[in-house]
Amino acid sequence: MGKIRISLLAKELGVKSTLLIDKCHEKGLSHITHHANTLIPEQAEMIRQLFRPPPQAAPVKEEPKSKDITLPRQTEQKKEDKTIVQAGSGIKIIQPAKIVRIPTGPSQPQKMVKVPPTKMFWKKKRPASAAPMKRKEHAGEIVEMKKPAVKEKETRIVMEPPITVKDLSSKLGIRANEIITKLLLGHNVRSTINQILTEEIVQLLGIEYGVEIEIKKKEMVEEGDVIAHQTSTRSEDMVHRAPIVTFLGHVDHGKTSLLDSIRLTNVAAGEVGGITQHIGAYKVETNGKHVVFLDTPGHEAFTAMRARGANITDVVVLVVAADDGVMPQTEEALNHAKAANVPIVVALNKIDKPGANSLRVKQQLANLELIPEEWGGKTQFVETSAVTKKGINSLLERLLLESEILELKANPQNPARGVVLEAHLSEGRGVVANVLIQDGTLHQGDIILCGKTFGRARLISNDRGIEIQAAGPTTPVSVSDFSEVPEAGDKFYVVGDIQKAREIAQDRQKKQRETALAKYQHVTLDSLYSKIAEGKVKEIKVILKADYKGSVEVLKKALEELSTPEIKVKILHCGVGGITESDVLLADASDAIIIGFYVTTEDKARILAEDKGVDVRLYKIIYDATNEIKAAMEGMLEPESREVILGQVEIRQVYHISKFGNVAGCYVKTGKITRNSAIRLIRDNIIIYVGKLESLKIVKDDVKEVRAGFDCGLKIANYDDIKIGDIVEAYEVQKIARSLTA
C-alpha cells in the first residue's frame with residue numbers, strides 16, 4: 001500500500017482535513033500543513049488508531065443539562081456519556097436508556113417509564129440544500145431526531161407568459177441544460193437559457209415531464225381601460241384646437257430661416273418668445289388664433305416618429321427654394337408627407353432672389369402630383385421670403401384655413417393625452433420629458449402613464465421656460481418627473497390611479513424582452529403570398545431606386561402594371577442613386593419593399609435594414625424585378641440566388657504597369673476580399689463594372705484572401721478604368737431556398 005493524501009484519509013475517517021492535520025501535529029508530524037500532503041502507510045495507520053473507539057464503552061448516565069451533541073476529540077472521549085461506534089462513512093452515537101418520571105394525576109403516584117435508547121447518525125457532510133433536522137426535547141434531553149417528510153412532486157403548475165427556459169427550469173425543478181438538450185433532440189428547437197418558448201412547446205415539455213402546465217395570461221390593464229370612463233366626446237364640450245405643423249424640404253432651402261422669421265414676427269407682435277429648440281415645438285399666435293410648429297431636423301426624424309405610431313402632424317409645409325426648384329431631398333420629403341397622409345402646403349421660399357422662378361417650381365411639383373389650386377388642384381402655394389418677411393402672415397393664414405377645413409377639435413375638460421417629443425435626464429430636475437398635449441388639460445400633480453414609465457407632473461414649464469399650473473390642448477410643455485426616461489414618440493396619458501399606472505408600466509417592461517425578440521415582421525417577397533392569402537396585404541408598397549431617371553420611369557411603369565383587382569402595387573418613392581437610410585426609414589414606417597436597379601446600398605442603410613427587417617432587393621435586369629414580384633404575388637417563388645456581400649475595398653492608389661494595365665493599391669474597409677470572389681466597381685454609389693479579379697497580392701505575394709484593416713494590391717480582369725476613391729465590392733452568389741411562411 002502506497003502513500004495516502006490527507007484529504008483522502010479525512011474522507012475515509014469521516015472527519016475534516018483540518019482536524020486530521022491537528023492530530024498529525026500532536027504526533028510530531030509537523031511537515032503536514034495542507035490537505036494535499038501525504039502520509040506513508042505506517043503514519044496513516046497511526047492516525048487511524050486515534051479515531052478508532054475502544055472495543056467496549058459502558059453507557060454512563062447522561063448529564064441532564066446537556067442539549068448539544070458534538071463530536072469529541074480523542075482526549076475527551078473517556079469523559080462522554082455516550083457510546084460511539086464507527087460505522088462505514090459516519091459515526092453512530094447511542095444514548096443509554098433512561099428512567100423518566102411521568103405524573104398521572106394529583107392523587108395518583110408517579111409512574112416510572114423506561115425510554116429506549118435513541119440512535120442518531122451523523123453523515124460526514126450534509127448537503128447545503130437539505131432541510132434542517134427537527135429535534136424534540138423532553139426534560140432537557142434529546143429523545144428523538146427525524147428528517148421531515150419529502151415534499152411530493154407537483155403535478156400541476158401555473159405559469160404566465162412570456163415563459164423562458166430559465167422560468168420553466170425553476171418551476172419544474174429540472175436543470176436548464178437538460179431542457180435545452182430535450183428541445184434540441186426531441187423537438188429540433190435550438191434554444192438558450194433566456195429563450196422565450198411557445199405555448200405549444202411548453203405544454204409538450206410538461207407532458208413529457210409528467211406535469212400539467214396551465215398557461216394563464218394576465219389581463220393587462222391598458223391605458224384605454226383606465227381613461228375610457230374619464231374621456232368625454234360630447235360635441236358641446238369640444239373646442240377648436242391649433243394645428244400642428246411640421247416643416248420639411250431640401251437642405252438649405254430656408255426651413256430654419258422661415259421658422260426663425262415666424263418666431264421673430266411673433267415677438268414683434270408682443271408675444272414673449274424665445275428659442276424653442278430645447279423643447280422641440282413652439283406656439284405662435286396670429287389674429288387671435290394659434291399655430292404649433294414642430295422643430296424637427298428633417299424628414300428622417302418625421303418618419304422615424306411616425307414609425308413609432310406618433311402621427312401628431314396635422315399639416316406639412318413643404319419648403320422649396322424658388323431659385324433652385326425641386327431637388328432630390330424635396331422629392332423625398334414630399335413622399336414622406338404623402339405616406340403620412342396629411343395635407344401639404346407649399347412654401348415657395350427665397351422668392352426675393354433674382355433667379356426665382358415660381359412658375360417652373362409649380363410645374364415641377366405638378367409633375368409630382370402636387371397641383372396648385374389655381375391650376376385646378378388642391379394644394380395651396382404661398383410665396384415667402386425669410387429676408388423680407390414676405391408671405392409670412394399669408395402662410396399662417398393658410399395654415400389656419402387648412403385647420404378649419406380639417407375641423408381640428410379637442411376637449412380641454414378631458415384628462416391630458418399626447419406624445420413625447422424628446423426626453424432627457426436633468427441633474428437638477430430628474431427625468432424631464434418635452435411633450436405635446438393633443439387633447440385634454442394637464443395639471444400639476446397629475447399621474448402620467450407614458451410607455452414603460454410613469455410618474456407625476458410635479459413641474460410643468462411652457463415653451464418659454466415659464467412654470468405653469470396647467471396646459472391645454474396643442475400646448476408644448478416640459479414635464480418632470482418620471483420613473484425612467486421615456487422614448488421619443490411614446491404616447492402619454494393622465495390616469496386617476498397611480499397603482500394601475502405602475503402595473504401597466506411594469507407589464508410593459510416585462511414584455512419588452514419578448515417584443516425585442518419577436519420583432520414586427522415586415523412584408524418580404526418571401527412572405528408576400530402567404531400574407532395575401534391571410535388577407536393581411538391588399539397592396540404592395542415599393543420604394544424604387546435606380547442608376548438613371550429613365551430606368552426609374554421604365555421600372556415604375558412595369559411594376560405598376562402588375563396590379564390586379566385583388567392587390568395593388570403602389571410606388572411610395574422613387575429616385576436616382578444608392579439606397580440610403582432615409583429610404584429604409586420610409587420602408588420601415590410604411591411596411592414597404594425596397595427595390596434597387598443597378599445601385600448599391602449604403603453601409604449604414606444596410607445595417608439599418610437588417611435591424612428593422614426591411615426587405616431590400618437589388619437587380620440588374622428589369623424583368624428579374626417584375627418577374628420576382630409577380631411570382632411572389634402568385635406564390636410561385638423558386639429558390640433564389642442571393643448575393644452575400646463579403647467586403648468592401650477602397651482604391652487609394654492607381655499604378656500603370658506596362659503589359660499588365662492598371663493595378664490598384666487598396667485598403668480593405670470591411671469584411672474581406674478573396675481571390676475567387678465576384679466583384680463590382682462602384683463610383684458615387686453607381687455600379688460601373690461587374691467582373692472578376694485577375695490577381696490579389698500583399699506586397700509581391702499572391703494571396704487567397706485579405707481581411708479588413710490590411711492593404712493589398714489587385715488587378716480587375718479585363719478592365720482598367722479605375723480611379724482613386726472607387727470602391728471594389730466583393731460578393732458571392734448563394735443558392736437559398738425561399739420560404740412562403742410568414
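The values are calculated or read from the model by the stated rules, or taken from the named source; none is laboratory data. The structure presented is a predicted model; accordingly, all values stated were derived computationally and were not measured. Neighbour counts are summed over all protein chains in view; Cβ atoms, including those assigned to glycine, are modelled from backbone coordinates with ideal geometry. Just the protein is used for accessible areas: all its heavy atoms, side chains included, with ligands, DNA and RNA removed. Shrake-Rupley method; radii C 1.70, N 1.55, O 1.52, S 1.80 Å.
Here are a few things to note about the model shown:
- FRET efficiency for the residue 444 to residue 364 pair, using the beta carbon distance and R₀ = 56 Å, is estimated at 0.65.
- Once backbone amide H atoms are built at 1.01 Å from N, residue 439 has 417, 474 as its partners under 5 Å, excluding neighbours fewer than 5 places away on the same chain.
- Length released on extending from residue 622 to residue 657, taking residue separation times 0.36 nm less the Cα-Cα span: 8.8 nm
- Pairs of Lys residues in the range 609-711, spaced 8 or more positions apart or belonging to different chains, with C-alpha separations under 29 angstrom: 24 in total.
- Fully extending the segment from residue 378 to residue 567 would add 65.3 nm, taking 0.36 nm per residue of separation and subtracting the current Cα-Cα distance.
- Protein heavy-atom accessible surface, 1.4 Å probe, per residue over the range 342-410: 51 Å².
- For residue 431, net neighbour charge (Lys/Arg +1, Asp/Glu -1) across residues whose Cβ lies under 14 Å away: -2
- When each of the peptides 722-735, 407-420 is scored by the mean number of other C-beta atoms lying within 10 Å of its residues, the order from highest to lowest reads 407-420, 722-735.
- Solvent-accessible surface (1.4 angstrom probe) belonging to residue 235, in square angstrom, nearest 10: 90 Å²
- Only protein heavy atoms count here; on that basis, with a 1.4 Å probe, residue 51 has an accessible area of about 40 Å².
- Probe 1.4 Å - accessible area at residue 675, Å² to nearest ten: 80 Å²
- With the simple model of a label 7 Å out from the Cα in the direction of the Cβ, residue 698 to residue 192 spans 3.2 nm.
- Simple spin-label estimate for residue 235 and residue 177 gives 7.2 nm between the two label positions (7 Å along the Cα-to-Cβ direction from each Cα).
- Taking the DSSP bridge list for the range 341-435 and keeping only pairs wholly inside it, about 55 percent are antiparallel.
- Neighbour net charge for residue 249 - beta-carbon separation under 11 angstrom, K R +1, D E -1: -3
- In the context of the full set of protein chains, the range 593-634 has a per residue accessible area of 46 Å² (1.4 Å probe).
- The string of couplings for the range 194-203 from the Karplus curve (6.51, -1.76, 1.60, θ = phi - 60°) is 9, 5, 7, 9, 6, 4, 4, 5, 4, 5 Hz, one whole number per residue in order, with x for Gly and Pro.
- Extension gain, residue 166 back to residue 429 (0.36 nm per residue minus Cα-Cα distance, nm): 90.8 nm
- Model label points for residue 19 and residue 644, set 7 angstrom from Cα along the Cα-to-Cβ axis, are 6.3 nm apart.
- Put simply, the amide H of residue 384, placed in the peptide plane, has neighbours under 5 Å in 348, 349, 350, 351, leaving out anything fewer than 5 places away on its chain.
- Amide hydrogen neighbours beyond the local backbone of residue 164, cut-off 5 Å, H modeled: 197
- Karplus-derived 3J(HN,Hα) values for the range 644-655, using 6.51 cos²θ - 1.76 cosθ + 1.60 with θ = phi - 60°, are 10, 6, 8, x, 10, 10, 9, 7, 10, 9, 10, 10 Hz; glycine and proline are entered as x.
- Remark: the range 318-324, residue by residue, has Karplus-estimated 3J(HN,Hα) of 8, 8, 10, 6, 5, 8, 8 Hz, where x stands for each Gly or Pro and the curve is 6.51 cos²θ - 1.76 cosθ + 1.60 at θ = phi - 60°.
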